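The values are calculated or read from the model by the stated rules, or taken from the named source; none is laboratory data. Since we're looking at a predicted model, the values are computed, not measured. With ideal geometry, Cβ positions are generated from the backbone for all residues, glycine too; neighbour counts draw on all protein chains shown.
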Amino acid sequence: MSPDNPSLLSVRGLSIDYEGPRTTHAVRSVDLELARGEILGLAGESGCGKSTLAYGLNQLLRPPAAIIAGEVVFHEESGEDIDVLRLQGRALRSYRWSKVSMVFQGAMNSLNPVTNVAAQLADVFTTHRPDLTKPEREERSRELLQLVGVDEGRLGSFPHELSGGMRQRVMIAMALALQPQLMIMDEPTTALDVVVQRDILTEIMRLREQFGFAVVFITHDLPLLLEVSDTIAIMKDGEIVEKASAEDVFFDAQHPYTRRLLGSFPSLTGDRGDFIRSGIDANEGGGR
């Protein structure tokens, strides 16, 4: 990282196993560096370890998953380094919301179905900002909904009264509640139609420009990541096989697997792979 673009999160040699009679090595010696304000796209086919890696960055793994090696370091603006994998109790809970938040895969179905939006947003502040008064919590909840493009009148609505896109926006509002420096988004537009997907992505990009938080954006949709990411990491069988700028991945992909991913998406105007620069998918040698 350059002095003008300091590091926010450093991952070194992170390995995660699913333990059992036949241990699965889900994440294998992953190294990643994320700069402040950067959008890092993490792409790969289903089952390659993307979500497991995301859960590891947040210490959200549950047995039989276990981190067996490596380190995750969060770099404060003050210069203090936080060893994430050593955090426990209150310090860990604070990290998960105040430093790093997460929008989970299938998040639009994660809201409590018997509690209205106002109560679910208020819960975040009651737990993590107990010094706020009730009027302050209510005002902050209204502001959050406005930020993500949802009418504040929806605070009294229950999840079943909201569209899928609105539920997803509410989850993003909850993730932004404590103004984190990093938001991890695991397939945030899954199960949404393409028009709503576009609206959600536009909103995420606008909020990132407004508040300057970094994003780890996880999806199997590589063309989508090419559009929104600064940097892209390609994951295969638990390993990062290529990491480069979005432009370099598009025009000069080095790893054969990256080229196969690029070639697997059809063009709207021609044969599959036509959107790739001529010759990339034909070059099967080398690797980064």
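Would you call Val72 modelled with pLDDT of 95 or more, crowded, with 19+ Cβ neighbours inside 10 Å and of a type in the set (Val, Ile, Thr)?
Yes.
For the stretch 84-104, the condition of being assigned to a strand (DSSP E or B), surrounded by fewer than 19 Cβ atoms within 10 Å (Cβ to Cβ), touching a residue at least 24 places away in the same chain (Cβ under 8 Å) and on the phi < 0 side of the Ramachandran plot holds for none of the residues.
Only a single item in (1) among the small types (Gly, Ala, Ser); (2) under 18 Å from Thr24 (Cα atoms); (3) touching a residue at least 12 places away in the same chain (Cβ under 8 Å) is not met by Gly47, and it is number (3).
Is there a residue in the stretch 199-216 that is of a type in the set (Gly, Ala, Ser) and more than 13 Å from the chain's Cα centre (by Cα)? Walk me through how you get there before you give the answer.
Step one: filter the stretch 199-216 for residues of a type in the set (Gly, Ala, Ser), giving 212, 214.
Checking the rest, the ones that are also more than 13 Å from the chain's Cα centre (by Cα) come to 212.
Within the stretch 199-216, one or more residues are of a type in the set (Gly, Ala, Ser) and more than 13 Å from the chain's Cα centre (by Cα).
Only residues that are farther than 9 Å from Gly41 by Cβ, touching a Gly at 6+ places or on another chain (Cβ under 9 Å) and not in a strand (DSSP E or B) were counted in the stretch 210-223, giving 3.
Working only within the stretch 53-68, note down all residues that are touching a residue at least 40 places away in the same chain (Cβ under 8 Å) and not small (Gly, Ala, Ser). Across the stretch 53-68, the qualifying residues are Leu53, Leu57, Asn58, Leu60, Leu61, Pro63, Pro64, Ile67, Ile68. Does the stretch 210-236 hold any residues that are over 16 Å from Ala35 (Cβ atoms) and hydroxyl-bearing (Ser, Thr, Tyr), and which are they? Of everything in the stretch 210-236, just one residue is over 16 Å from Ala35 (Cβ atoms) and hydroxyl-bearing (Ser, Thr, Tyr), namely Thr219.
Test Thr219 against the stated conditions and say whether it is at pLDDT below 90, surrounded by 15 or more Cβ atoms within 10 Å (Cβ to Cβ) and in contact with an Asp or Glu (Cβ under 9 Å, 6 or more places away or on another chain).
Yes.
Can you name every residue in the stretch 127-165 that is assigned to a loop (DSSP other than H, G, I, E, B) and surrounded by 15 or more Cβ atoms within 10 Å (Cβ to Cβ)? Working first, answer last.
Step one: of the stretch 127-165, the residues assigned to a loop (DSSP other than H, G, I, E, B) are 129-133, 148-151, 157-158, 162-163.
Result: Arg129, Leu132, Val148, Gly149, Val150, Ser157, Phe158, Leu162.
Taking Ala118 as the residue in question, decide whether it is of a type in the set (Gly, Ala, Ser), surrounded by 15 or more Cβ atoms within 10 Å (Cβ to Cβ), free of Cβ contacts under 8 Å to residues at least 60 places away in the same chain and assigned to a helix (DSSP H, G or I). In short, yes. Out of the stretch 227-248, which residues are more than 15 Å from the chain's Cα centre (by Cα) and part of a helix (DSSP H, G or I)? Correct list: Glu227, Ala246, Glu247, Asp248. Of the residues making up the stretch 49-63, those that are in a loop (DSSP other than H, G, I, E, B) and on the phi < 0 side of the Ramachandran plot are Asn58, Leu60, Leu61, Arg62, Pro63.
Please pick out the residue among Glu80, Glu45 that is of a type in the set (D, E, K, R) and touching a His at 6+ places or on another chain (Cβ under 8 Å).
Numbers: Glu80 fails: touching a His at 6+ places or on another chain (Cβ under 8 Å).
Only one candidate qualifies: Glu45.
Just one residue in the set Val196, Val124 is in a helix (DSSP H, G or I), of a type in the set (Val, Ile, Thr), more than 21 Å from Thr219 (Cα to Cα) and in contact with a helix residue (DSSP H, G or I) (Cβ under 7 Å, 6 or more places away or on another chain); that residue is Val124. Against the definition (surrounded by 15 or more Cβ atoms within 10 Å (Cβ to Cβ) and either aromatic (Phe, Trp, Tyr) or closer than 30 Å to Asp17 by Cβ (or both)), how does Val228 come out, yes or no? Taking the combined requirement at face value, the residue does not satisfy it. Selection of first residues in the stretch 138-154 that are in contact (Cβ under 8 Å) with a residue 12 or more places away in the chain and over 15 Å from Gly165 (Cα atoms) and of second residues that are assigned to a loop (DSSP other than H, G, I, E, B) and charged (D, E, K, R), restricted to Cβ pairs under 9 Å at least 6 apart or on distinct chains, gives the following pairs, ordered by first then second residue: Arg140/Arg129. Answer yes or no as to whether Lys134 is out of contact with any strand residue (DSSP E or B) (no Cβ under 8 Å at 6 or more places or on another chain) and either of a type in the set (D, E, K, R) or touching a residue at least 40 places away in the same chain (Cβ under 8 Å) (or both). When the stated conditions are applied, Lys134 passes them.
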